[in-house]
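Taking it in order: structure first as structure tokens, then the write-up.
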Amino acid sequence: MQQVPLLSLFIALLAGTGFALSALLTSSTTVDMYLSPTQARVTTGDTLTVSVMLSSTIPVNVFQGDIRFNPEVLTVQKIDYNTSIADLWAEKPWYSNGAGTLNFIGGTTQQGGFTGKGTLVTITFRARAAGNGNIVFENARVLQHDGIGSDTNVRTPLDNLFVVTNAIEEQNIKLIKQNQVSDIAIVKQYAATDLNKDGRQTMADISIFMVALAKQDLRADFNNDQKVSMADLSILMGA
């Protein structure tokens with residue numbers, strides 16, 4: 001027996017909940033599905049909330065999309081898909097922190113479909129390590145509430161730029177802003193205290209520091225005084 005694709009069944013189901021509409025795409029038709037905010041700067045350990053937004057000038061009822069993110073920088077902490085728009089899910093938002101992917105297929109059963117602007121899905125990321133946390137929204141697809149599941153012309157969403165910094169870098173940025181005089185910044189620069197580069201401040205970093213202290217390895221010279229001392233340990237412990 002030939003299998004009917006899940007999305008086709010889903011479209012047929014939602015098409016049956018409404019009546020046939022003569023909503024044809026015109027030059028004035030605008031359908032957007034995108035991520036908000038478009039950019040942000042957070043520090044390691046903080047959370048970042050990103051929403052999948054939908055805006056449509058014609059009645060629509062099915063929404064699909066794929067999201068890619070850098071799993072070395074960001075991890076999905078939770079997803080809220082109980083929104084005012086999508087009340088029926090063919091596939092609840094599914095994600096893989098290992099692969100850095102998230103996808104969804106949802107729809108609305110409200111009479112007449114959805115028109116306007118609102119939130120489809122809200123994703124809470126955790127910033128696990130400093131780096132470029134760009135989030136890419138791909139394969140955005142929105143179907144018309146016209147009784148036959150016609151595709152709309154969804155405008156291609158832009159990539160979202162999210163930068164994750166460690167606490168020391170963020171401290172330096174604040175110091176620069178506080179000490180700016182005629183475009184000259186006076187700032188005390190510290191080296192990164194994450195000695196094993198695992199994106200966390202742990203006992204392992206203290207262990208590595210002790211070895212660096214004995215060898216006078218300047219990678220642990222956090223205050224840049226050209227020696228490794230208890231002053232550097234104080235910086236490490238306060239990171």
>> Please compute one quarter of the surface area of the Cα convex hull for the range 6-165 and express it in square nanometres.
In response: 8.7 nm²
> At what distance in nm do the modelled label points of Gln39 and Val136 sit from each other, each positioned 7 Å from its Cα along Cα→Cβ?
Replying inline: 1.9 nm
> What full-extension length gain, to one decimal in nm, is calculated for Asn97 and Gln110 as 0.36 nm per residue of separation minus the Cα-Cα distance?
Replying inline: 1.4 nm
> Quick one: length gained pulling Thr30 to Met237 fully straight, 0.36 nm per residue minus the C-alpha distance?
Replying inline: 69.2 nm
> Given a Förster distance of 41 angstrom, what is the FRET efficiency for Asp66 paired with Asn224, based on the Cβ-Cβ distance and rounded to 0.05?
Replying inline: 0.40
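None of the figures in this text is laboratory data; all of them are computed from the coordinates on show. Small disclaimer: the values here were computed from a predicted structure and weren't measured. As a convention, Cβ positions derive from the backbone with ideal geometry for all residues, glycine included, and neighbour counts pool all protein chains shown.
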